Amino acid sequence: MPAALVPTLHIEGAIDGEGGSFRSLTGLLERIDRSRFEPVALFCRACEAAMRLREQGLDVYVLPEPPRRPLASGRVEFYAELLRATLKCAGIIRSLEQGRGSSFGVIHTNDQLVTNAGWIAAARMLRRAVVCHERQHGDFRTVHRALASGIAAHVRISASVDAHCREHRIRARRNTLVYNGLAIPSAAEKAAARERGARVLAELGVGPGAPVLLYAGTVASWKGTDSAVRAFAALRPGMGRPEPILVLAGEASADAPSWPNEVERLSRELGVAERLKWVGRRDDVTDLMCASDVVLHAAVRPEPFGRVPLEAMAWGAPVVATDTGGVAEVLGEEHPGLVPAGRPGAMARAIEEVLEGGGATVAAVAIGAERAEASFSIEAHVREMEKIFGAAAGVSDERPEQRTDPVRSSE
């Protein structure tokens with residue numbers, strides 16, 4: 001007799017763009033074992049990810065007005081915000097359960113402990129098992145330690161985030177490191193993406209033979225967008241080749257909407273504005289990666305994971321990235337394109353080495369593609385998350401163990 005399905009509620013609380021957390025959740029829900037789990041997705045704003053999942057037959061809800069995040073700096077104001085958020089979140093969970101006629105076996109908060117404190121407090125109040133994804137180096141308070149202590153599992157997306165949580169004494173019943181995963185492309189998919197990307201670059205007016213640098217991601221100060229522009233401006237003229245082009249693919253973060261204007265002003269000051277191509281948020285970033293000569297990642301503070309470098313590596317694009325947070329874990333400590341954060345000159349020299357070609361670049365690309373497939377597949381990620389959800393719901397995993405190197409339990 002088949003076991004009963006485990007109803008799982010997956011909450012995506014991000015409200016400022018569709019970044020790595022959105023893509024990770026989408027990949028998980030597209031592949032989760034529907035013979036064991038009955039997933040429901042709750043988004044705190046309308047977004048393309050919600051529409052895509054709904055089109056695939058998933059039970060998806062979008063909140064017209066999400067609970068306010070408890071982030072106030074004052075102690076009294078913070079706890080008042082947390083109480084209001086908890087009560088509102090509890091009401092939403094109860095309403096969903098009443099509409100379905102059953103309680104959730106697991107509530108999965110997909111973003112981080114700090115911004116999902118209201119959801120976690122509500123789930124604990126309702127005595128629901130909680131699995132919390134930690135995707136940031138959180139600014140933890142005492143209350144966050146207390147909330148974490150009663151949840152079933154706290155999933156850290158890199159050793160960097162894991163170390164930060166340990167330092168701040170964040171301990172759930174189970175603390176585990178599970179890297180994000182992505183669908184590994186085939187050789188044919190890479191070739192098709194390269195052709196599509198070349199057409200996009202031609203439409204942007206990039207001439208034949210011009211080296212293309214791609215910055216993909218949120219346009220924000222901590223992401224080092226200005227450092228990428230400074231490195232671009234510091235490139236030395238190449239003998240016999242057209243001047244390089246820098247393509248910026250991304251949108252401003254909600255907390256710094258004017259930052260693109262600052263970057264544009266900087267590009268004018270440095271005399272490279274005419275060779276800068278702003279394309280905004282794109283759904284074809286991997287196409288652009290495949291058609292670019294170098295993909296840049298320039299974060300100046302610890303990066304929780306480093307999905308852009310991982311995607312570039314998986315799709316066979318050379319990567320130059322700052323060695324912050326989880327990036328070295330993703331690319332590997334020996335990756336030749338790792339440079340110190342906030343050092344545009346060092347980044348420029350690394351870019352030049354890639355543009356000059358040679359065996360080191362070819363070898364790094366090949367090794368990176370193999371590393372992505374071996375250690376960061378979406379299948380391994382989903383398998384580990386299914387085991388975590390099953391354990392949280394008290395359901396045993398009857399299938400054979402399939403342990404993978406990048407996944408380990410801590411504490």
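Looking at region 129-145, which of the residues that are part of a loop (DSSP other than H, G, I, E, B) and under 23 Å from the mean Cα position of the chain (by Cα) is surrounded by the fewest Cβ atoms within 10 Å (Cβ to Cβ)? The residue in question is 139.
One line per residue, one yes/no per condition, for (1) out of contact with any strand residue (DSSP E or B) (no Cβ under 6 Å at 6 or more places or on another chain); (2) surrounded by fewer than 22 Cβ atoms within 10 Å (Cβ to Cβ):
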position	(1), (2)
5	no, yes
22	yes, yes
32	no, yes
42	no, no
59	no, yes
62	no, yes
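Taking residue 308 as the residue in question, decide whether it is assigned to a helix (DSSP H, G or I), surrounded by 24 or more Cβ atoms within 10 Å (Cβ to Cβ) and either touching a residue at least 40 places away in the same chain (Cβ under 8 Å) or touching a Lys or Arg at 6+ places or on another chain (Cβ under 9 Å) (or both). The answer is yes for residue 308. Residues in region 271-293 that are in a helix (DSSP H, G or I), surrounded by 15 or more Cβ atoms within 10 Å (Cβ to Cβ) and not aliphatic (A, V, I, L, M): 275, 286, 287, 290. Are any residues in region 146-163 free of Cβ contacts under 8 Å to residues at least 40 places away in the same chain and assigned to a helix (DSSP H, G or I), and if so, which ones? Of everything in region 146-163, those that are free of Cβ contacts under 8 Å to residues at least 40 places away in the same chain and assigned to a helix (DSSP H, G or I) turn out to be 146, 147, 148, 149, 163.
With respect to residue 219, determine if the residue is of a type in the set (A, V, I, L, M, F, W, C), under 17 Å from residue 298 (Cβ atoms), at pLDDT below 95 and in contact with a helix residue (DSSP H, G or I) (Cβ under 6 Å, 6 or more places away or on another chain). Yes: the conditions hold for residue 219. Of all residues in region 169-187, which are part of a loop (DSSP other than H, G, I, E, B), of a type outside the set (Ser, Thr, Tyr) and crowded, with 17+ Cβ neighbours inside 10 Å? Scanning region 169-187 gives 170, 172, 174, 178, 180, 181, 185.
For region 203-210, check the following and say yes or no: at least one residue is among the aliphatic types (A, V, I, L, M), more than 19 Å from residue 303 (Cβ to Cβ) and assigned to a helix (DSSP H, G or I).
Going residue by residue through region 203-210, those that are among the aliphatic types (A, V, I, L, M) are 204, 206, 210.
Filter again for more than 19 Å from residue 303 (Cβ to Cβ), leaving 204, 206, 210.
Filter once more, so that each one left must be assigned to a helix (DSSP H, G or I): none.
Scanning region 203-210 turns up no residue that is among the aliphatic types (A, V, I, L, M), more than 19 Å from residue 303 (Cβ to Cβ) and assigned to a helix (DSSP H, G or I).
Of everything in region 238-255 that is closer than 18 Å to residue 297 by Cβ and in a loop (DSSP other than H, G, I, E, B), the residue that is modelled with the highest pLDDT is 244.
Taking into account only those residues within region 214-257 that are among the hydroxyl-bearing types (Ser, Thr, Tyr) and either outside the structural domain of residue 353 (by TED's automatic domain parsing) or more than 17 Å from residue 277 (Cα to Cα) (or both), which is surrounded by the fewest Cβ atoms within 10 Å (Cβ to Cβ)? Steps first, please.
In the first step, residues of region 214-257 are kept if they are among the hydroxyl-bearing types (Ser, Thr, Tyr); the result is 215, 218, 221, 225, 227, 253.
Checking which are either outside the structural domain of residue 353 (by TED's automatic domain parsing) or more than 17 Å from residue 277 (Cα to Cα) (or both) leaves us with 221, 253.
Details: 221: 16, 253: 18.
Applying the filter and picking the extreme gives 221.
When residue 333 is tested against (1) outside any helix (DSSP H, G or I); (2) surrounded by 18 or more Cβ atoms within 10 Å (Cβ to Cβ); (3) more than 17 Å from the chain's Cα centre (by Cα), only condition (2) is not met. Just one of the numbered conditions (1) more than 20 Å from residue 283 (Cβ to Cβ); (2) at pLDDT 95 or above; (3) of a type in the set (Gly, Ala, Ser) is not true of residue 41: (1).
Matching residues to (1) assigned by TED's automatic domain parsing to the domain that holds residue 230; (2) among the polar types (S, T, N, Q); (3) free of Cβ contacts under 8 Å to residues at least 40 places away in the same chain; (4) closer than 24 Å to residue 110 by Cα:
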{"site": "321", "(1), (2), (3), (4)": "yes, no, yes, no"}
{"site": "334", "(1), (2), (3), (4)": "yes, no, yes, no"}
{"site": "342", "(1), (2), (3), (4)": "yes, no, no, no"}
{"site": "347", "(1), (2), (3), (4)": "yes, no, no, no"}
{"site": "358", "(1), (2), (3), (4)": "yes, no, yes, no"}
{"site": "383", "(1), (2), (3), (4)": "no, no, yes, yes"}
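What do you reckon, is residue 358 at pLDDT below 95 and touching a strand residue (DSSP E or B) at 6+ places or on another chain (Cβ under 6 Å)? If you could, list the steps in order and put the result at the bottom.
On the way: at pLDDT below 95: yes; touching a strand residue (DSSP E or B) at 6+ places or on another chain (Cβ under 6 Å): no.
Against the criterion (at pLDDT below 95 and touching a strand residue (DSSP E or B) at 6+ places or on another chain (Cβ under 6 Å)), residue 358 does not qualify.
The values are calculated or read from the model by the stated rules, or taken from the named source; none is laboratory data. Given the structure is predicted, the values throughout are model-derived calculations rather than measurements. No Cβ is skipped: glycine too gets one built from the backbone with ideal geometry, and neighbour counts run over all protein chains shown.
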